[in-house]
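Let me begin by presenting the structure, written as structure tokens, before commenting on it.
The values are calculated or read from the model by the stated rules, or taken from the named source; none is laboratory data. What you are looking at is a predicted structure, and each value in this text was computed from that prediction instead of being measured. Every residue, glycine among them, receives a Cβ derived from its backbone with ideal geometry; neighbour counts consider all protein chains shown.
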Amino acid sequence: MTDRELRLWTHHDSRPRKVVIAGGGVAALESAIMLRTLAPEAVAVTLACPETTFRWRAERIAESYGADPASSHSLPGICAGLGAEFVHDSLSAVRRETREVVMRSGAELEYDELLLAVGAHPYPAFESGVTYHRPADAGGFDEVLDDLDDGFIESMAFVVPPGVSWPLPAYELALAAAARRPELSVTLVTPEPGPLAMFGARASETVGQVLATGRVAFVSEPAPQVESGVALRAGGKWLTADRVVSLPLLAGPRIPGVPCDENGYTLIGEHHAVPGCDDRIFAVGDGCATPIAQGGIAAQQATVACTRILEHAGVQSPATPTLEPVLRAVLTTPDGPLYLRSDPESPELTSEATTSPLWAAPGKVASPWLGRYLAGTGRAEILQPT
Ligand SMILES: Cc1cc2nc3c(=O)[nH]c(=O)nc-3n(C[C@H](O)[C@H](O)[C@H](O)COP(=O)(O)OP(=O)(O)OC[C@H]3O[C@@H](n4cnc5c(N)ncnc54)[C@H](O)[C@@H]3O)c2cc1C
């Protein structure tokens with residue numbers, strides 16, 4: 001679609017809508033890019049975030065094992081390129097009656113629509129062992145790797161605690177550890193019934209083969225319990241390892257003034273609008289009450305919420321996206337990337353695992369707007385569906 005076609009397609013009120021986006025991760029940037037690309041005259045975007053850089057969290061695992069640091073992108077720079085305002089501050093509370101957000105600095109921002117994309121808060125699932133939580137607390141895992149390289153470790157267990165909806169990082173951590181030291185014994189313990197079972201039987205079988213080839217033993221255990229830094233219980237048995245590394249659990253952001261569930265996740269209804277907020281407040285990404293916290297899903301949620309925001313601005317969308325939470329992921333294996341895709345509604349029919357890219361701009365996170373924007377793709381191409 002050309003720029004001219006875009007403008008013809010866009011119909012809007014005379015005053016631009018003030019859209020405040022809280023956050024600076026996948027969900028926030030996907031939203032900012034979509035809104036400013038599709039409706040530059042109809043929507044004025046302010047993006048507020050306590051950080052000034054965006055980095056793909058999915059690339060952090062390779063970084064942990066010594067790869068070059070994940071590429072970072074300046075949030076003020078992205079905003080400037082989009083014609084959006086960047087506010088270096090974090091949202092503290094929402095005043096729904098006056099349609100304002102209160103920032104940590106005390107500043108107040110008015111909004112016509114507010115899009116909450118503040119992510120979730122990781123915390124350790126167990127008192128013992130090491131929690132993989134990069135970059136906030138990289139030290140523990142980095143020490144494990146130092147011990148591994150110094151030859152102090154002969155066995156490692158990687159644990160997915162019950163309640164983690166995105167287990168893939170544990171697979172990559174385990175495969176990378178086994179590849180680093182050929183004599184290391186590595187076990188992956190997870191509540192999943194089979195390897196990455198959420199992607200359906202075909203993909204799960206392929207992932208199982210990848211684990212076997214990579215010398216990672218797979219243990220399915222609904223409720224693994226890490227009891228000490230070197231021992232865990234799985235299936236009524238004890239499993240010991242020189243180091244036990246677990247993924248963190250996540251808690252919702254619990255934003256004052258916005259309805260949330262008992263775990264602090266912002267409630268969502270149709271179009272990812274927050275119930276009881278007059279269709280003015282939307283929540284997307286890891287911080288909203290959604291069954292799977294995953295970057296690709298966060299991006300899909302962003303397009304649904306933004307389509308609704310564009311409707312408020314009088315902008316006709318060529319196609320109204322419904323939320324079809326297709327799971328897309330890239331498992332980094334010692335032999336290269338394995339692309340996975342499935343529709344959680346019918347995983348057996350849609351299960352795919354292949355070494356060829358399954359979507360355009362095939363970064364680790366399937367984000368049609370952000371992925372291509374950062375890859376430097378032009379606007380017209382961005383508009384073609386992936
Ligand atoms: C190790 C690891 C590997 C992963 N691998 C994959 C993968 O391969 N594929 C995939 O799809 N997903 C992957 N994920 C999950 C994916 O990274 C997340 O689902 C995704 O980052 C969620 O995006 P988000 O924008 O909702 O939240 P986040 O990425 O957490 O971003 C939240 C943003 O909000 C900002 N913020 C926080 N509080 C406030 C506030 N009060 N006011 C304003 N801003 C605030 C933060 O600074 C941050 O910029 C992985 C996650 C991890 C940890």
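Can we say T266 is at pLDDT 95 or above, buried (at least 20 other Cβ atoms within 10 Å of the Cβ), among the polar types (S, T, N, Q) and touching a strand residue (DSSP E or B) at 6+ places or on another chain (Cβ under 9 Å)? Judged against the criteria, T266 is a match. Would you be able to say whether some residue in segment 115-132 is of a type outside the set (A, V, I, L, M) and part of a helix (DSSP H, G or I)? For segment 115-132, residues of a type outside the set (A, V, I, L, M) and part of a helix (DSSP H, G or I): absent. Of the strands (runs of 3 or more DSSP E) lying entirely inside segment 56-105, those carrying at least 3 residues that are more than 28 Å from G140 (Cβ to Cβ) are 85-87, 91-95, 100-103.
When restricted to residues that are more than 9 Å from the ligand (Cβ to nearest atom), buried (at least 24 other Cβ atoms within 10 Å of the Cβ) and either assigned to a loop (DSSP other than H, G, I, E, B) or among the aliphatic types (A, V, I, L, M) (or both), segment 272-286 contains 3.
Applying a threshold of 7 Å to beta carbon distances and a minimum spacing of six or more residues, or different chains, the list of pairs starting in segment 41-59 at a residue that is farther than 16 Å from L370 by Cβ and at pLDDT 85 or above and ending at one that is assigned to a helix (DSSP H, G or I) and within 9 Å of the ligand (Cβ to nearest atom) reads T52/L75. Reported count of residues in segment 48-86, each being near the ligand (Cβ under 9 Å from one of its atoms) and over 30 Å from L173 (Cα atoms), is 1. Only one entry in V226, V245, V258, V230 is farther than 21 Å from A329 by Cα and under 21 Å from the mean Cα position of the chain (by Cα), namely V245.
Of the residues making up segment 188-207, just one is more than 17 Å from R341 (Cβ to Cβ) and exposed (fewer than 15 other Cβ atoms within 10 Å of the Cβ), namely P193.
Every residue in segment 182-203 that is over 20 Å from A223 (Cα atoms), over 21 Å from the mean Cα position of the chain (by Cα) and not hydrophobic (A, V, I, L, M, F, W, C), please.
Start the filter on segment 182-203 by keeping residues that are over 20 Å from A223 (Cα atoms), which leaves 182-185, 199-203.
Going one step further and asking which of them are over 21 Å from the mean Cα position of the chain (by Cα), we end up with 182-185, 201-202.
Answer for segment 182-203, where residues must be over 20 Å from A223 (Cα atoms), over 21 Å from the mean Cα position of the chain (by Cα) and not hydrophobic (A, V, I, L, M, F, W, C): P182, E183, S185, R202.
Selection of segment 26-52 for residues being closer than 14 Å to V304 by Cα and part of a strand (DSSP E or B) yields an empty set.
Of the residues screened, G296 is one that is in contact with a strand residue (DSSP E or B) (Cβ under 7 Å, 6 or more places away or on another chain), within 23 Å of Y265 (Cα to Cα) and modelled with pLDDT under 90.
For segment 18-34, the tally of residues that are near the ligand (Cβ under 8 Å from one of its atoms), hydrophobic (A, V, I, L, M, F, W, C) and closer than 16 Å to A366 by Cα stands at 4. Restricted to segment 287-302, and to residues there that are touching a residue at least 60 places away in the same chain (Cβ under 8 Å) and more than 16 Å from R328 (Cα to Cα), the residue that is farthest from the ligand (Cβ to nearest atom) is C288.
Filtering E113, E97, E127 for residues that are more than 14 Å from the ligand (Cβ to nearest atom) and more than 26 Å from the chain's Cα centre (by Cα) leaves a single hit, E97.
Every residue, every condition in (1) surrounded by fewer than 17 Cβ atoms within 10 Å (Cβ to Cβ); (2) in contact with a helix residue (DSSP H, G or I) (Cβ under 7 Å, 6 or more places away or on another chain), yes or no:
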residue: S128; (1), (2): yes, no
residue: F141; (1), (2): no, yes
residue: I153; (1), (2): no, yes
residue: P167; (1), (2): no, no
residue: E172; (1), (2): no, yes
residue: V186; (1), (2): no, yes
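Of the listed requirements (1) part of a helix (DSSP H, G or I); (2) surrounded by 15 or more Cβ atoms within 10 Å (Cβ to Cβ), D146 misses just one: (2).
If I go through segment 66-87 residue by residue, how many of them are exposed (fewer than 15 other Cβ atoms within 10 Å of the Cβ) and either on the phi < 0 side of the Ramachandran plot or in contact with a Pro (Cβ under 9 Å, 6 or more places away or on another chain) (or both)? First the steps, then the outcome.
At the first step, the residues of segment 66-87 found to be exposed (fewer than 15 other Cβ atoms within 10 Å of the Cβ) are 66-69, 71-72, 74, 77, 80-81, 83.
Checking the rest, the ones that are also either on the phi < 0 side of the Ramachandran plot or in contact with a Pro (Cβ under 9 Å, 6 or more places away or on another chain) (or both) come to 67-69, 71-72, 74, 77, 80-81, 83.
Qualifying residue count for the region: 10.
With the requirement that a residue be of a type in the set (A, V, I, L, M, F, W, C) and either part of a loop (DSSP other than H, G, I, E, B) or crowded, with 20+ Cβ neighbours inside 10 Å (or both), what does segment 243-263 give you?
Of segment 243-263, the ones of a type in the set (A, V, I, L, M, F, W, C) are 244-245, 247, 249-251, 255, 258, 260.
Selection gives V244, V245, L247, L250, I255, V258.
For S105, the stated conditions do not hold, so it cannot be described as more than 13 Å from the ligand (Cβ to nearest atom) and not charged (D, E, K, R).
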